[in-house]
Structures are given as C-alpha cells and as structure tokens.
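Below you'll find the structure, written out as structure tokens, and then a few comments.
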Amino acid sequence: MTGIRLHAPRPGWSVDADVVVVGSGVAGLTVALRCAAAGAHVTVVTKARLDDGSTRWAQGGIAAALGEGDTPEQHLDDTLVAGAGLCDDEAVRTLVTEGPDAVRRLIATGALFDTDDETGEILLTREGGHHRRRIAHAGGDATGAEISRALVEAVRAAGIETIEHALVLDLLKDADGRAAGVTLHVMGEGERDGVGAVRAKAVVLATGGMGQVFSATTNPPVSTGDGVALALRAGAEVSDLEFVQFHPTVLWLGPDAEGQQPLVSEAVRGEGAHLVDADGHRFMVGAHELAELAPRDIVAKGITRRMQELGAEHMYLDARHFGAEMWAHRFPTILAACRAHGIDPVTQPIPVAPAAHYASGGVRTDLHGRTTVPGLYACGEVACTGVHGANRLASNSLLEGLVFAERIAADIAASGPAAPHAAGTTAGPSAGHAPDTPLLAPEARFAIQRIMTAGAGVLRSAESLARAAAELDRLRAEATDALEADGKTAEPGTESWEATNLWFVARVLVAAALRREETRGCHWREDFPDRADTTWRRHLLVSLRPDRTLEVVGTDSAAFPAKTPQAVPTPAPAVLKETP
Ligand code: SIN
C-alpha cells in the first residue's frame, strides 16, 4: 500500500474478487450487473443496506431525449448552458447520445416508469434548465426508490456477492501502484466483522456524495465523502470540488435544522408551482427567461438574494392550484413529507430555502471512468467526468451514473481476464507501510459542518473561506498534536473515520473555492461577482502529495486533459502548503 491511510487496525480477514464495487446506488449496482453479466466475479461493498444510498432519495427523475421532437443535441445544449462554460463537451456528448439507450436497458432490467394510461408512452416532465419535457419519473416523485428497487432485485437475482454495513477505508495497491482492492470495516457479527480487505483487480468507487460536509443537506447521513477522501489519500486527482450545488427548494424546518432535510423536487416547479416571497410576489419572473425553471444555481441565487433583501429566513413555493388530487397522485412523497412537518401544500405555500444537494466535482475520470490511479474507477456523484461543469443540469445525475457505469464495465471487460489476485505483488492485507493520518474525534463532524456552512456555503468570500480554512486547520492540528505528543489519536471507528473523511473533502473544497476568484455556476463569490472566462475557464485539479501538501493545478481549458497536466499557470501559485 502506498499513500496516506486512515489509522485503523490491520485487516483480520480478506476475500477475493475480480471487481470490487464500493457503493450501491444506480452507478454501483449498474457496474456490478454489467461486470457480472460479462463473467466477472463481483463483490459489492455498501455502507448501509443495499438500498440505502442516495439514489433512493432522488425524486424528480432521469433526463434523456426520449420524447417526440427531442434530440440529444438539445439535451446537450441545455447541459452546456447549465454547466456555465465548464463542461467537458465530449463527456456531455457521450452522456446525451448514449443516455436514451441506457434508460431503455434500465427499463429492461425491471425499472417501471410512469406511463400514459392510454398510449403506454413514458410520461415526461420538466425541471430547471430544460427547455423541454425530458424527465422520466416513477411513482410520481419516487424515481430513485423505484430504480433502486429494480437494481437491487436484479443484483440479488444475479447472485452477486454483497457486503453490507461496510465502511470502505483505504485503497490497496500492488507493487506497480495499481489498485488491488480496498480495506474496509464491517459493522456486524460473525466471520466478516471488523477490519478486513477485498482484493480485486479493479476497484470501482460509487460511494455517492459529500452533502454531510454542510449542516443542512438533502443527502442521507451516509454521504460523508468517503470515496473522494479515499481517492485523495491514494494519490488520485480530484477536480471541481468547489462546485457544490445547493438545491433551491428544500423544505425549511427552522434556522437550526441539521442533517438530511426533505427535498421538494424541481418537478413541482416543472408542473407549474411558483416561487413567492411572504407578500406573494413572484421574484424569479423577470430575473431569467425561464423564471422558476431557470438553471438551479440561478434559482438558488435568486432565493438567497430575496431572503437577504427582505431579511427573511426562507421563501415559499406555492402549488395550491394543483389541487388535492394532483398532489396525491403526482407528488405523494413530497405531500407526505410536508404533512409530516405540519404543512399542507394543498392549502398552504411551502416554506423553502436552499440546502446542499450535489457535488458537481469529485474524483477526476476520463470517458471510461478511469481515475489517475491505474485500476481505480469512479462513477456517479463521487466522480468528476466533466459532464456537470460548474453546475449540474437537473436529473442528469442518474443518467450519468447509468451511462458511465456501462462504460466502466466495458473497459474492465476489455482489459482482459482477471489476473490472479495480487499475484507477484505486495498488495494485500499484510502489506502496508503507508503513514497513518490522525483521526478526528466523532464530534468534529458537527464542527466541520458548522465551519463549512458559515464559510463555504451558498455565498462565499476570501474572508469567509480563509476563516473556514484556518478553523479546519485548527481542528486538524489538535488531532496531530495529540498524536505527536503522546501517540494518541481518536479511537478508530465509523464515526471517527467519517469525521476524518469529511475533514479531507472540506479542506480541499475550501482550498479550491478560495483559489477560484470568480463567480461561476454554483460557486458564488461575494468578492468576485463576475464570471472571468479569460482566466478561469479551466478546472482546478487537486491531489494530495506524499508529504501531505495539497497540489492544485489548473487545466488549460474546460476540457479535461488525457493525462495529468503539468502545472499550467493559474492566477495563483500552484502548490498550497496545506498539510492534511
Ligand atoms: C429534484 O427532484 O429536484 C432533484 C433532481 C436532481 O437533483 O437532479
């Protein structure tokens, strides 16, 4: 093993596979199914239960040019506009052209989308940034739950080995630096209890997002950035971490609400709901040609500005005109969530405010899902394929998971028969000379969330980001001092590993956000309010050096380079002396 690793007991057990997939959302389960269909021995490792990832919370749907008159070219145009000049054109073209067939294959796998009673055609809705009805949905507003159900059933039917309640810790590498498996901690009793290893020729990270880095998020508690943190420690490049998408309409539960918050899908606006302030004024009308259906970053900014102007804690989404029947039929999940919190959308406007929703950046990949570490792939929200640019177009994420999962499976199949596990290498549970990184105590999770919400939230500045960086560094210094002074670190365990992972992703996010001195997509800088194409139409690639400094380099355009770029001049020095 090389690189930096989490402080953890040595693995006490191991299993072998051809491919280990970490994560069980649409991306992970699709990779697993396609690899298994090609004859590979696949093991799926998942942090909670197989159906507990982020996919199941997706409401609106999956975008693809399936409707009459729609074309991949139009889907491409909308994706590029939403991405604010930072999409990789080739990645987007791949997404939109391969998307419709990937959705058809998902349907063949068993996912049931809502269809017209008479024609049997798939029903399509609209969401922000789409100029057409293009979003297929299931169960009204329970699209992710249906996709998850279908894929979990297919994985079980295919007899794919799964390890549930398992937090992945670090990457195993062979003597050549190739991925050779993962270490993980299983919370259970019996043979696979405690820290172990899955050794495999290919490792696919499909661990989802990092929304828990902020106090209020639509993400489930498991979204602690584990995949991005693992990839960083393994020496992989991450990109675009500064582009965190804040969903404009999250049910407002009070100023101190923390953790996962109920989403009110953009599809509600797609079906005609209005955003209004306390006086009933539709403040998005005139702010953008698409009004409430402008791209997500623009609506989130519109809401935040109006809140600031009025000194209000939230705005309202008014869909009383839908009537009781439409609410019950089309949006049963949202209706139930609102009513559970004492709001009846049939008779009341819904209080809403932006909350952290989606990481547009992640572990940098090429068009086959390959990261900069050989044998390590990334797919879904953990990955940065270049599809989303500075702001993901609504409902493109499930599609990205599907399309790139299939590409990864094809790449793994094309790379030939599985080599004997770790043969002739130093990989495996007994290897491991990498320096440990001190663990943060479980309570650090809440400190990190508060620091990030205050300093790196929807609106940022050099001052707020520098403060966040200093406070994060202080948290880290306390852990390092304790380790150096008396060899003590927080007790290894799920909560301290998660807190440490959150710290890693928070620190990189802040470093990138501080560096990007402009406003673009969902990165909104108070002190640099304009988009600066001449200097900033480029990505920031971040990697963790063995000496624990962060290296931040810029690409020379919005397209991802085929290989790691040399330090292309950025408007600031290339290496940050920040020491995780
Ligand atoms: C939503 O339903 O509004 C969320 C869809 C998405 O994040 O793509």
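The values are calculated or read from the model by the stated rules, or taken from the named source; none is laboratory data. Small disclaimer: the values here were computed from a predicted structure and weren't measured. In this analysis, Cβ positions are derived from the backbone assuming ideal geometry, glycine residues included, and neighbour counts consider all displayed protein chains. Ligands, DNA and RNA are excluded from the accessible area calculation, which covers all protein heavy atoms including side chains. Shrake-Rupley method; radii C 1.70, N 1.55, O 1.52, S 1.80 Å.
Condition check ((1) part of a loop (DSSP other than H, G, I, E, B); (2) away from the ligand (no atom under 16 Å from the Cβ); (3) at pLDDT 95 or above; (4) over 23 Å from the mean Cα position of the chain (by Cα)) across all residues:
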residue	(1), (2), (3), (4)
Leu393	yes, no, yes, no
Ala405	no, yes, yes, no
Ala434	yes, yes, no, yes
Ala466	no, yes, yes, yes
(request) Could you tell me which residue of segment 14-52 is farthest from the ligand (Cβ to nearest atom), considering only residues that are at pLDDT 95 or above, part of a loop (DSSP other than H, G, I, E, B) and of a type outside the set (Gly, Ala, Ser)? (result) His41
(request) Filter segment 359-374 down to residues that are buried (at least 24 other Cβ atoms within 10 Å of the Cβ), in a loop (DSSP other than H, G, I, E, B) and away from the ligand (no atom under 16 Å from the Cβ), then give me how many there are. (result) 3
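Considering every residue within segment 395-402, establish whether at least one is free of Cβ contacts under 8 Å to residues at least 40 places away in the same chain and within 16 Å of the ligand (Cβ to nearest atom). Can you show your working first?
Residues of segment 395-402 free of Cβ contacts under 8 Å to residues at least 40 places away in the same chain: none.
No, every residue in segment 395-402 fails to be free of Cβ contacts under 8 Å to residues at least 40 places away in the same chain and within 16 Å of the ligand (Cβ to nearest atom).
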(request) All but one of (1) more than 13 Å from the chain's Cα centre (by Cα); (2) touching a residue at least 60 places away in the same chain (Cβ under 8 Å) hold for Glu381, so report the exception by its number. (result) (1)
(message) Tell me yes or no: at least one residue of segment 257-267 is away from the ligand (no atom under 16 Å from the Cβ) and either crowded, with 18+ Cβ neighbours inside 10 Å or free of Cβ contacts under 8 Å to residues at least 40 places away in the same chain (or both).
(response) no
(request) Please specify each residue of segment 164-185 satisfying the condition of being surrounded by fewer than 20 Cβ atoms within 10 Å (Cβ to Cβ) and either aliphatic (A, V, I, L, M) or out of contact with any Gly (no Cβ under 6 Å at 6 or more places or on another chain) (or both). (result) Glu164, Ala175, Asp176, Gly177
(message) Being more than 19 Å from Ser496 (Cβ to Cβ) and within 24 Å of the chain's Cα centre (by Cα) is the filter here; which residues of segment 468-479 pass it?
(response) Ala468, Ala469
(message) So Val222 passes all but one of these: (1) in a loop (DSSP other than H, G, I, E, B); (2) surrounded by 24 or more Cβ atoms within 10 Å (Cβ to Cβ); (3) more than 16 Å from the ligand (Cβ to nearest atom). Which condition number does it fail?
(response) (2)
(message) Exactly one condition in (1) more than 15 Å from the ligand (Cβ to nearest atom); (2) farther than 22 Å from Glu271 by Cα; (3) of a type in the set (Ser, Thr, Tyr) is false for Tyr316; which is it?
(response) (2)
(request) Kindly list, by first and then second residue, each pair from a residue in segment 45-64 that is touching a residue at least 24 places away in the same chain (Cβ under 8 Å) and at negative phi to a residue that is part of a loop (DSSP other than H, G, I, E, B) and open to solvent by 40 Å² or more (accessible area, probe 1.4 Å), limited to pairs with Cβ atoms under 6 Å and residues at least 6 apart or on different chains. (result) Thr46/Glu164; Lys47/Val222; Ala48/Val222; Arg49/Glu164
(request) Would you be able to tell me the number of residues in segment 245-256 that are in a strand (DSSP E or B) and more than 16 Å from the ligand (Cβ to nearest atom)? (result) 0
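Can we say Val92 is within 16 Å of the ligand (Cβ to nearest atom) and more than 20 Å from Leu167 (Cα to Cα)?
Details: within 16 Å of the ligand (Cβ to nearest atom): yes; more than 20 Å from Leu167 (Cα to Cα): yes.
Spelling it out, Val92 is indeed within 16 Å of the ligand (Cβ to nearest atom) and more than 20 Å from Leu167 (Cα to Cα).
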(request) Hey, can you tell me all the residues within segment 146-176 that are closer than 17 Å to Val20 by Cα and small (Gly, Ala, Ser)? (result) Ala158, Gly159, Ala166
(message) Going by what's in this entry, would Pro332 be described as modelled with pLDDT of 95 or more, open to solvent by 10 Å² or more (accessible area, probe 1.4 Å) and within 16 Å of the ligand (Cβ to nearest atom)?
(response) yes
(request) Tell me which residues, restricted to segment 291-308, are open to solvent by less than 30 Å² (accessible area, probe 1.4 Å) and within 15 Å of the ligand (Cβ to nearest atom). (result) Glu292, Leu293, Ala294, Pro295, Arg296, Asp297, Val299, Ala300, Ile303
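Looking only at residues in segment 268-290 that are within 14 Å of the ligand (Cβ to nearest atom) and touching a His at 6+ places or on another chain (Cβ under 9 Å), which one is nearest to Cys338 (Cα to Cα)?
Let us first name the residues in segment 268-290 that are within 14 Å of the ligand (Cβ to nearest atom), namely 268-271, 273, 275.
Then keep just the ones that are touching a His at 6+ places or on another chain (Cβ under 9 Å); that gives 270, 273.
Details: Gly270: 18, Ala273: 15 Å.
In this case the residue turns out to be Ala273.
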(request) Those residues that are within 14 Å of the ligand (Cβ to nearest atom), in a loop (DSSP other than H, G, I, E, B) and over 23 Å from Thr30 (Cα atoms), I need them from segment 53-86; list them, please. (result) Gly83
(message) I'd like the full set of residues that are part of a loop (DSSP other than H, G, I, E, B) and open to solvent by 60 Å² or more (accessible area, probe 1.4 Å), limited to segment 481-506.
(response) Lys488, Glu491
